[in-house]
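**Q** Mind having a look at this structure? Questions to follow.
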Amino acid sequence: MEGQYFAAFAALAGSAIGGLTLLASSWLSQNAQYRADELAHNKTRREELYKDFIEEASRVYADALQHDQAEVVKFVKLYALIGTMRVLSSSKVVDAAERLAEISLKTYDAPNTSLLSASILSNALDPFREFSEVCREELRSRGPLLQITQLRR
């Protein structure tokens, strides 16, 4: 009689262990998929943010090359984008964005000039280079959001 109880207990224990293993495996798989999706979404969000910033900064910079006085309204969106970067990006990216905004602001103080003569005189053809390189480096390394996601585990 004891042999039958032992066999029944072993069968139940095996079923329970198998079920728990399947549950743990499924949970780990879904958790890993969720983290991968979250990282991909955050990367896409930062890519869009950087693209929007470059477009807005280029408009402000082009305006600065043609005009003497800066209009605060033109810098509002630029600094709003920098504010968003403070939340989503590394300090390197934020610093590069602030330097780019400062270049535009200082360009208003310079004499009006065309883009071609500005590039010849001051070698300023690509004031966006530093910002672009810092962004590319962050996106390749998956940036600071990877660290935040790892802290949630």
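**Q** Here are some residues: A57, A40, A24. Which one is over 16 Å from the mean Cα position of the chain (by Cα), exposed (fewer than 13 other Cβ atoms within 10 Å of the Cβ) and either touching a residue at least 40 places away in the same chain (Cβ under 8 Å) or in a helix (DSSP H, G or I) (or both)?
**A** Testing whether each residue is over 16 Å from the mean Cα position of the chain (by Cα), exposed (fewer than 13 other Cβ atoms within 10 Å of the Cβ) and either touching a residue at least 40 places away in the same chain (Cβ under 8 Å) or in a helix (DSSP H, G or I) (or both) leaves just A24.
**Q** Given the criteria part of a helix (DSSP H, G or I), under 28 Å from the mean Cα position of the chain (by Cα) and loosely packed, with under 10 Cβ neighbours inside 10 Å, does V73 qualify?
**A** For V73, the condition - part of a helix (DSSP H, G or I), under 28 Å from the mean Cα position of the chain (by Cα) and loosely packed, with under 10 Cβ neighbours inside 10 Å - is met.
**Q** Something else: Restricting to region 102-117, and then to whatever is surrounded by 14 or more Cβ atoms within 10 Å (Cβ to Cβ) and assigned to a helix (DSSP H, G or I), can you tell me which residue is modelled with the lowest pLDDT?
**A** Checking each candidate, the answer is Y108.
**Q** Can you confirm whether R99 is in a helix (DSSP H, G or I), touching a residue at least 12 places away in the same chain (Cβ under 8 Å) and farther than 30 Å from R129 by Cα?
**A** Spelling it out, it is not the case that R99 is in a helix (DSSP H, G or I), touching a residue at least 12 places away in the same chain (Cβ under 8 Å) and farther than 30 Å from R129 by Cα.
**Q** Right, another one. Under the condition of being more than 16 Å from the chain's Cα centre (by Cα), surrounded by 12 or more Cβ atoms within 10 Å (Cβ to Cβ) and more than 21 Å from E56 (Cβ to Cβ), which residue from region 118-153 is modelled with the highest pLDDT?
**A** Looking at the filtered set, the residue picked out is S122.
The values are calculated or read from the model by the stated rules, or taken from the named source; none is laboratory data. None of the values given here were measured: they were computed from a predicted structure. So basically every Cβ, Gly included, is an ideal-geometry build from the backbone, and we count neighbours across all protein chains shown.
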